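Heads up, the thing below is written out as structure tokens.
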Amino acid sequence: MTHTAKSGAFAALKFRSRKSVEFLDYWDTLPKLDGIPSRRDFDPCEQGPVLSSYVIHELISPEFIRVRLAGTNIREQYGFETTGHNYLDFVDEWRRETASRSLFLICEHPCGLLASLRSETRSGRIMANESIGLPMRDNSGAAKLIYYQSNLIDVEEFREPSEDEILKIDVVDETYFDIGAGIPSFNQIEYLERTGMRPKSR
């Protein structure tokens, strides 16, 4: 089953998680400066249960993308408290540069990003995740925050997260979408395949 956003501007996007749509619809209502809203206008009280699946990344440097805040569902997914960690530590070293570039474009372009992720746990379990990221300004007005709605897809087997934490996150597919400034020419998947960093059959 797929879900679509209320706004006609995002009608072509298909989401596997209802929470992704709720986040996009809410973000779309916020007042914006040059296409990017401010965190002071984001009201957690209007998000209800969706709030537990939020992650906020802070763009510190190309080598350091801080997990500024992670909801309770995110902590349960990872199996430990991720707040304060460098998100890139969960990415294979060979992909960190392109992963960083991909995320920085969300705020620098700006644009939205819809990604299908593949998480691997300590026991070797593989989990699918849908993540939608959108830019946000911090309290100083700088566009350096990325708000995510991050949700596991088709989870059936029981897992004790504290005993089987996530060790690695890989990207299966990602799509930038237009929020008013067009779409970046860079695409991480195409770049990795074109340069041979990742085989097409992966």
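Throughout, read-outs are computed from the coordinates displayed, never taken from laboratory work. Just so it is clear, the model here is predicted, and its values are computed rather than measured. Ideal geometry is used to build each Cβ from the backbone, glycine not excepted, and the neighbour counts take in all protein chains shown.
Normalised by 2.2 N^0.38 Å, where N counts its residues, the alpha-carbon radius of gyration of the chain equals 0.98. Local charge for ALA143 was computed over the other residues whose Cβ lies under 15 Å away, with Lys and Arg +1 and Asp and Glu -1, and equals +1. In this Cβ point-charge picture (+1 for Lys and Arg, -1 for Asp and Glu), region 1-86 has a dipole of about 220 debye about its Cα centre. Between ARG40 and PHE186, the simple spin-label model (points 7 angstrom out along Cα→Cβ) gives 3.0 nm.
Using the rule -39500 (n - 2.57) for each DSSP H run of four or more residues, divided by the residues of the chain, the 222 nm mean residue ellipticity is -5500 deg cm²/dmol. Straight-line cross-link reach from LYS168 at under 26 Å between alpha-carbon atoms covers these lysines, not counting any fewer than eight positions away in the same chain: LYS14, LYS19, LYS144, LYS200.
Provide the gained length on full extension for the span ARG101 to ARG18, in nm with one decimal, where the gain is 0.36 nm per separating residue minus the Cα-Cα distance. It would help to have the intermediate numbers written out before the result.
Working: separation 83, 0.36 × 83 = 29.88 nm, distance 2.76 nm.
So the extension gain works out to 27.1 nm.
To the nearest 20 Debye, how big is the dipole of region 69-202 about its Cα centre, given +1 on the beta carbon of each Lys and Arg and -1 on that of each Asp and Glu? Mind dumping the intermediate values first?
Working: 15 positive and 23 negative charges, 94 e Å.
My answer is approximately 460 debye.
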